[in-house]
Structure formats: C-alpha cells, structure tokens
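For reference, the structure is listed below as structure tokens.
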Amino acid sequence: MTLTVKNLTISRGGIPVLEGLNFTLAPGKALILRGPNGVGKTTLLRTVAGLQPPVEGDVICGPETIAYAAHSDGLKGTLSVSENLHFWADIFGTKGIQNALDGFDLNSLVDRPAGALSAGQKRRLGLARLLVTGRPVWILDEPTVSLDVASVAMFADAVRAHLSEGGSALIATHIDLGLDAEVLDVGPFRAKPRSGTGGFDGLDESFL
Amino acid sequence: MMPDLGKYGDTVLSAYAVSIVLLVIMVALSIRASRKARAELQKIEGRRNG
Amino acid sequence: MIALLIRDMKLAMRAGGGFGLGLSFFLIVTVLVPFGVGPESTLLAKIAPGILWLGALLACLLSLDRIFALDWEDGSLDLLATSPLPMEGVVTVKATAHWLTTGLPLCLASPLFGLLLSLPAEGYQWLVASLVLGTPALSVIGTFGAALTVGLKRGGLLMSLLVLPLYVPTLIFGAEVARRGAEGLATTTPLLMLAGITAGTIALLPFASALVLRVNLR
Amino acid sequence: MGSIWEYANPVKFIRTSEIVLPWVSILATVTLIAGLVWGFFFTPDDYRQGSTVKIIYLHVPAALMAINVWFMMLVTSLVWLIRRHHVSALAAKAAAPVGIIMTLIALVTGAIWGQPMWGTWWAWDPRLTSFLILFLFYLGYIALWEAIDNPDTAADLTAVLCIVGSVFAVLSRYAVNFWNQGLHQGASLSLDKKENVADVFSTPLYVCIAGFVLLFIALVFLRTRTEIHKRRTKALLARERLG
C-alpha cells in the first residue's frame with residue numbers, strides 16, 4: 001500500500017511551516033524524518049495521517065491504511081493492559097492481541113492497570129497498539145521517547161517485522177533505529193515567507 | 001419647541017436617552033478600535049519597510 | 001462503536017464519579033428548593049415539575065465537560081480520529097454514554113425527588129416520561145457544547161453559556177409536560193413537541209459536533 | 001466588476017471600504033437624525049398610549065436589526081464554511097457586537113415602554129423573551145470568538161455555533177409562544193396585514209429603520225476593516241518571529 005505525498009504545503013496556526021514536500025513510501029520501506037525541533041515534523045505527520053487538512057498538495061494512500069501514534073499513547077489508566085488492547089482491537093476490527101503482547105513483551109503485565117505501568121512500559125503498550133490496528137502504513141511521532149535501549153531494540157525489531165510483511169513506516173525520530181531506511185531532512189523544505197502578494201489563499205498569507 | 005409629552009414624558013425621554021447613549025458608545029468604541037488597529041498596523045509596517 | 005460505548009461505561013463505573021455526580025447534584029438541588037421557597041406543600045407541588053426539570057437539566061450540564069476532556073488529554077481522541085470509526089459515530093456514542101451515566105439515572109430517581117417536593121400523585125408518570133424523552137436531547141446538545149470547547153483551558157463556564165440557550169426548547173416543553181401531567185391536563189401537544197425536538201437533535205446535531213471536533217483536532 | 005466573491009479578498013475589501021465608508025456614514029447619520037427628529041417632534045400622540053408611542057422609533061428598528069444582524073451573521077458564517085473567505089468570517093465577528101447592542105436597545109426600550117402600559121418593567125411575554133434568548137445567543141457567540149486564539153479555528157467554530165444557534169433560536173421562538181400567551185402588541189409593520197399603523201406614524205418609522213440599517217452597514221464596514229487590520233498585524237508579527 002504505497003503512500004504518496006505530492007507538493008505538500010502544511011501550516012501551523014495559520015502560518016505555513018513546510019512546503020513543496022514530495023516523497024513516496026513503498027510497501028516494505030521506512031522513511032525517517034529528521035529536522036530541528038519545531039520545524040514542523042509533527043504537523044507534517046498529522047497532515048499525512050489526515051488529522052489536519054494540507055494547505056496545498058495532497059496525500060495519496062488507500063482508505064483505512066494509516067495507523068498513527070503520537071507522544072501521548074491514548075491509554076486509559078483504570079483499564080488493564082489487555083482491556084486497552086482488546087478495546088483497540090475491537091475498534092479496528094482485528095482479532096487477537098497475542099502478537100501485540102509478544103511483540104512488545106507485555107505478557108507479564110497483561111492484567112496490570114495501565115495506570116500502574118512505568119513510562120517505558122506505557123510507551124511499549126502504546127506502540128503495541130499499532131500491531132493491533134492491522135494497518136499497513138505506520139505514522140510514528142518520536143516513538144522511542146522514554147524507552148530504554150532494550151526497548152528501542154525491541155521496537156526496531158517490531159518495525160522490521162512489520163516492513164518484512166509488506167508494511168511501511170514514516171517515523172520522526174532522532175535516534176538511529178538501525179533500519180535500512182532512507183532519511184528525509186525536512187529542513188530545506190521550510191516555508192519561505194511569501195511576499196505580501198495580497199493574493200488569496202486560505203491562510204494568514206491573505207492578510208500579508 | 002419641545003413637544004408636550006404629557007405624563008409619560010420621563011418614560012419617553014429615558015428611552016431615547018438610553019438608546020442614544022448606547023448607540024453613541026457603540027460607534028465611539030468602533031471608531032477608537034479602528035484607529036488603534038490602524039495605528040498599530042502602520043507602526044509594524046513602518047518597521048518592516050523602514 | 002459498541003466497543004467504544006462499553007469502554008466508556010467501564011471507565012465511568014471504574015472511575016466511580018460517573019453515576020454519582022449527576023444524581024447527587026440533582027438531590028442537592030431538590031433538597032435546597034424547600035429551604036429557598038419555604039416548606040408549604042401546596043406551593044412546592046405547584047413548582048415541583050419545573051424545579052425537577054431544572055435540576056435534571058443542570059445535573060446534565062454539570063457532567064458535560066468530562067465527555068471529551070479525558071480523551072483529549074490522553075490523546076485517545078487523535079487515535080479515534082484516525083480509526084475506522086466515523087467522528088459522527090464517536091460523538092453519538094459519547095452522547096449515549098453521557099445519557100446512560102447521567103440522564104438515565106436522573107429519570108429513574110426523579111419520582112423519589114418528586115416525593116420531596118410533594119409532587120401530585122398523577123404527576124409522577126408524566127415527569128418520568130418527559131425526562132426519558134427530554135434528557136437524550138440534553139445529552140446530544142451537551143455533547144455539541146463539549147465538542148465546541150474541548151480544547152479550551154477554562155472551557156466549562158463558556159460551555160454552559162453556549163449550551164443553556166440551546167436547552168430552552170427542551171426545558172419549556174419538558175417542564176410543560178410534567179406540569180400538565182401533575183395538574184391532570186392533556187399532555188399530548190407538549191409531549192409531541194418534546195419528542196420531535198429530541199428526535200431532530202439526535203438526527204442532526206452529531207454532524208455539527210463531528211465537524212466541530214475535527215476542527216478542534218487540527 | 002467580477003463576482004461578489006472578489007470582494008471577499010481582504011485587500012480589495014479594504015480599498016472599497018475606504019471609498020464606501022465615508023458616504024455610508026454620512027448617509028446613516030443624516031437618515032437616523034432625520035427619522036428620529038421627525039418621529040420625536042412631528043408626530044401626534046397616540047390616543048391610547050399618549051406620547052410613549054414615540055418610543056416606537058427606537059424599539060421597532062432596533063428589534064428588526066437585532067434579528068436581521070443575526071441573519072446576516074448566519075449568511076456570512078455559511079459563506080465562510082463553504083467558500084472559506086476570511087472577510088466573510090470577520091464580517092460576522094464584526095457584526096455580532098452591533099447585533100447585541102441592537103438587541104439590548106430593543107429590550108431596554110421595550111421594558112421602558114412597557115412600564116406605563118403593562119405596569120411592570122419586565123413581562124415574560126413571548127416576543128420580549130425571545131429577544132432575551134437572542135441576547136444570550138449573541139453573548140455566547142461573542143464569548144466563543146474571544147475564547148479561541150487561532151483565528152481560523154475560531155471562525156469555523158463560531159460559524160457552526162451560529163448555524164446551530166439559528167435553528168434553536170427559531171425553535172425557542174415557537175416554544176416561548178407556546179409557553180405564554182403574550183402582552184406584546186401586534187406587529188406594527190407586517191407585510192401581510194394592511195398598514196395597521198397610521199401613515200403619519202409609519203413614514204418616519206421607515207426613515208428610522210433605514211437609518212438603523214445604514215448605521216449597521218457603516219459599522220460593519222468599519223469594524224470588519226478593523227478586524228482585517230488586526231489580523232494583518234498578527235500575521236506580520238508572526239512572520240517577524242518566524243523570519
């Protein structure tokens with residue numbers, strides 16, 4: 001399931017941050033996004049995931065193909081690990097959470113309420129959710145935050161397994177995951193401030 | 001010149017007074033806000049082109 | 001969709017705050033009324049339907065900001081937005097969860113509170129009927145208000161200001177059904193209007209709430 | 001001249017408002033003063049209501065404007081949601097305070113006029129009550145604009161609120177009618193009925209209404225221009241921080 005991004009311009013708070021982005025993510029491939037903090041990586045991921053409309057250009061991918069995971073894991077403290085995972089399995093209509101538990105070594109924590117997990121364990125549970133979605137294209141925003149070295153390796157293995165099954169991943173991260181993935185530095189795509197054309201587009205630009 | 005308002009004089013006058021005051025305040029505030037916004041814009045535009 | 005409803009109900013049960021909040025507020029309001037207006041039962045009987053309806057309405061209003069706030073803070077709203085569930089579905093499930101945790105208990109408990117305010121005997125069934133028909137609308141309209149103010153810091157007060165005017169038609173017809181029922185008059189017209197408003201709200205408002213939620217998720 | 005959508009372009013709007021505004025303001029002031037003076041000084045007393053009938057020249061135009069301003073906001077909200085034109089959203093934001101003041105004037109003059117007629121400052125009469133509800137809708141609308149800092153999100157949310165609010169305002173109008181019969185007199189100027197207000201009263205009334213409409217137009221032009229200037233300052237400041 002290829003994900004193609006054509007001539008994409010994205011904005012944050014009405015101001016364009018990145019423009020002219022073009023890349024394709026073929027099945028079995030991963031793409032690492034690099035760039036200084038605040039350049040717009042998160043905004044880019046949210047736009048590709050469809051949470052935010054792009055200003056220009058388009059994101060082409062099949063329906064129901066994108067699984068998005070951001071800083072906050074969306075876990076419910078009062079629900080146990082298995083309840084959390086079962087919930088997401090039901091939402092995405094996939095069966096069984098066993099491979100997710102194995103993939104992130106959560107079997108020992110199955111019945112523990114998510115609120116009682118450590119930050120690393122919560123992160124692993126958040127990422128395990130990806131395995132439950134059954135979606136080919138993963139879009140991950142700084143997935144290895146608060147993960148220790150062992151967990152990072154575990155996460156890299158999970159991504160490799162996902163890629164080998166024909167899935168793809170777009171990851172914004174500073175850590176070298178040891179994946180054979182191309183790297184896209186979004187720095188050069190920073191939106192150049194437009195001259196006060198007064199021309200009309202749906203942006204604050206129209207007020208410049 | 002003042003028309004004979006009869007016993008309802010104060011009613012009519014107070015209604016007119018309140019309404020006119022409200023209208024005047026609205027217009028005055030709008031003009032003040034417009035001037036303030038225009039001045040601020042000119043200050044920034046001055047800085048940008050200057 | 002059912003999974004989301006079951007999860008929300010579980011959360012409400014586990015957190016414990018879900019059921020008790022609305023009911024206890026309704027109880028307090030009902031108990032305070034006689035202190036305010038005096039204990040004579042004739043007076044209380046006359047204003048009982050209106051007061052009970054106002055209590056139910058305010059109890060609903062009270063628990064609205066928790067509908068999206070929890071999911072907003074821990075990021076599940078983003079994840080739900082990228083799930084196969086349509087936002088309209090998510091919003092309707094949230095409204096149903098709110099009704100089950102707040103609206104329904106109010107309807108069931110209202111006869112008890114009717115006693116406190118010496119509601120006339122024939123008023124009870126109409127009170128419950130009007131609440132059962134009206135509270136779903138309160139939940140759906142409330143969910144719209146919650147979606148409007150989900151991202152704001154002190155959104156609670158603003159939400160009440162936005163939602164209360166929208167509650168007026170439901171309150172008028174609901175209280176009217178209860179009042180006419182208590183006085184033994186025919187209640188068909190207000191009942192039909194109440195049902196009509198609730199049906200219309202349930203059918204149309206989720207689209208506005210979903211649109212607003214998507215805007216807030218940007 | 002190009003389609004009307006062209007005027008939704010901020011820079012073009014400002015240019016046209018520079019030309020139109022002075023004229024509309026003068027016209028508005030003249031018409032308003034003429035109408036009020038004519039109504040106040042040169043109309044006889046009503047045999048029943050005495051001189052209080054003179055309040056009609058404020059109460060009726062303000063009430064008419066209160067409803068039509070909300071309707072204008074509804075149209076501009078729809079234009080914003082469908083055509084995504086910034087000026088339309090800002091025009092709605094600019095019109096709201098004018099609308100709330102008009103509703104306030106309608107309520108206050110209604111209450112003052114009602115005092116000698118009905119013996120009470122406030123009667124829960126269907127028409128007065130629906131203006132009170134309209135006032136709450138305006139309040140909520142303006143509060144929502146102030147509560148959100150991202151201008152585009154604010155425009156979207158307030159537009160949806162305006163549309164939903166309009167449906168419920170109409171619903172409330174009939175619910176309130178059902179809820180209480182009503183002391184308010186019949187419509188002074190209704191299209192279907194023959195002129196039920198004598199001509200000597202209605203001509204100055206039309207002039208006053210024209211005055212209020214022109215005042216509203218002038219204020220909306222002025223206030224929309226202010227909003228555009230504010231948005232431009234905000235955009236320039238943001239650019240400076242970015243640049």
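Worth a mention:
- Among the residues of the range A:57-80, the ones that are more than 9 Å from chain C (Cβ to nearest Cβ) and more than 21 Å from the chain's Cα centre (by Cα) come to 1 in all.
- Test: residue in the range A:104-124 that is closer than 21 Å to A:Leu3 by Cβ and surrounded by 15 or more Cβ atoms within 10 Å (Cβ to Cβ): no
- Selection within the range D:149-162: residues that are at the interface with chain C (Cβ under 7 Å from one of its Cβ atoms) and among the β-branched types (Val, Ile, Thr). The member of this set that is farthest from D:Thr129 (Cα to Cα) is D:Thr153.
- Annotation note: of D:Ile105, D:Ile148, the sole residue that is in contact with a helix residue (DSSP H, G or I) (Cβ under 8 Å, 6 or more places away or on another chain) and within 22 Å of D:Val53 (Cα to Cα) is D:Ile105.
- Just one of the listed residues (D:Ser188, D:Ser166) is modelled with pLDDT of 90 or more, more than 10 Å from every other protein chain (Cβ to nearest Cβ), within 28 Å of D:Ile112 (Cα to Cα) and under 20 Å from the mean Cα position of the chain (by Cα), namely D:Ser166.
- Taken over the range C:1-39, the criterion of being loosely packed, with under 15 Cβ neighbours inside 10 Å and either among the polar types (S, T, N, Q) or away from chain A (no Cβ under 14 Å) (or both) is satisfied by C:Gly20, C:Ser24, C:Ile28, C:Val31, C:Leu32, C:Phe35, C:Gly36, C:Val37, C:Gly38, C:Pro39.
- Yes/no for C:Thr143 being at the interface with chain D (Cβ under 9 Å from one of its Cβ atoms) and in contact with a helix residue (DSSP H, G or I) (Cβ under 6 Å, 6 or more places away or on another chain): no
- Checking the stated criteria, B:Leu22 turns out not to satisfy the condition of being over 22 Å from the mean Cα position of the chain (by Cα), crowded, with 17+ Cβ neighbours inside 10 Å and either within 30 Å of D:Lys230 (Cβ to Cβ) or more than 8 Å from chain D (Cβ to nearest Cβ) (or both).
- Against the numbered list (1) in a helix (DSSP H, G or I); (2) under 26 Å from A:Gly14 (Cβ atoms), D:Phe137 comes up short only at (2).
- Subset of the range A:156-178 (residues that are touching a strand residue (DSSP E or B) at 6+ places or on another chain (Cβ under 9 Å) and buried (at least 17 other Cβ atoms within 10 Å of the Cβ)): A:Val159, A:His162, A:Leu163, A:Gly167, A:Ser168, A:Ala169, A:Leu170, A:Ile171, A:Ala172, A:Thr173, A:Leu177
- Criterion (under 17 Å from D:Ala154 (Cα atoms), surrounded by fewer than 24 Cβ atoms within 10 Å (Cβ to Cβ) and modelled with pLDDT under 95) met by exactly one of C:Arg218, C:Arg180: C:Arg218
- Only one of the listed residues (D:Ile82, D:Ile105) is farther than 22 Å from D:Thr153 by Cα and aliphatic (A, V, I, L, M). That residue is D:Ile105.
- Hits in the range A:113-130 (condition: free of Cβ contacts under 8 Å to residues at least 60 places away in the same chain and either at positive phi or within 14 Å of chain C (Cβ to nearest Cβ) (or both)): A:Pro113, A:Ala114, A:Gly115, A:Ala116, A:Leu117, A:Ala119, A:Lys122, A:Arg123, A:Leu125, A:Gly126, A:Leu127, A:Ala128
- Verdict on B:Ala28 being more than 7 Å from chain D (Cβ to nearest Cβ), part of a helix (DSSP H, G or I), at pLDDT 90 or above and over 19 Å from D:Arg231 (Cβ atoms): yes
- Hits in the range D:199-243 - residues which are under 23 Å from D:Thr76 (Cβ atoms) and among the β-branched types (Val, Ile, Thr): D:Ile209, D:Val213, D:Ile217, D:Val220, D:Thr224, D:Thr226, D:Ile228, D:Thr233
- For A:Ile139: the one exception among (1) surrounded by 19 or more Cβ atoms within 10 Å (Cβ to Cβ); (2) within 27 Å of A:Leu79 (Cβ to Cβ); (3) at pLDDT below 85: (3)
- Qualifying residue in the range A:86-98 (condition: in a helix (DSSP H, G or I), away from chain C (no Cβ under 13 Å) and under 22 Å from A:Met1 (Cβ atoms)): no
- Filter result for C:Leu157 (at pLDDT below 95 and either closer than 24 Å to C:Leu85 by Cβ or buried (at least 19 other Cβ atoms within 10 Å of the Cβ) (or both)): no
- Selection of the range A:21-46 for residues being surrounded by 15 or more Cβ atoms within 10 Å (Cβ to Cβ) and part of a strand (DSSP E or B) yields A:Leu21, A:Phe23, A:Leu25, A:Ala30, A:Leu31, A:Ile32, A:Leu33.
- Selection status of D:Leu128, more than 9 Å from chain B (Cβ to nearest Cβ), without any contact (Cβ under 8 Å) to a residue 24 or more places away in the chain, in a helix (DSSP H, G or I) and buried (at least 18 other Cβ atoms within 10 Å of the Cβ): no
- Taken over the range D:35-64, the criterion of being free of Cβ contacts under 8 Å to residues at least 40 places away in the same chain, part of a helix (DSSP H, G or I) and not basic (Lys, Arg) is satisfied by D:Val37, D:Phe40, D:Phe41, D:Ser51.
- When C:Thr170, C:Thr135, C:Thr189 are checked against the criterion of being assigned to a helix (DSSP H, G or I), among the polar types (S, T, N, Q), buried (at least 20 other Cβ atoms within 10 Å of the Cβ) and within 12 Å of another protein chain (Cβ to nearest Cβ), a single residue qualifies: C:Thr170.
Residue-wise test of (1) at pLDDT 95 or above; (2) over 19 Å from the mean Cα position of the chain (by Cα).
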site	(1), (2)
D:Leu21	no, no
D:Ser25	no, no
D:Phe41	no, yes
D:Pro44	no, yes
D:Tyr47	no, yes
D:Val69	yes, no
D:Val75	yes, no
D:Ala95	yes, no
D:Trp118	no, yes
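The values are calculated or read from the model by the stated rules, or taken from the named source; none is laboratory data. From a predicted model like this one, the values you see are computed outputs, not experimental measurements. Note: ideal-geometry Cβ built from the backbone for every residue, glycine included; neighbour counts use all protein chains shown.
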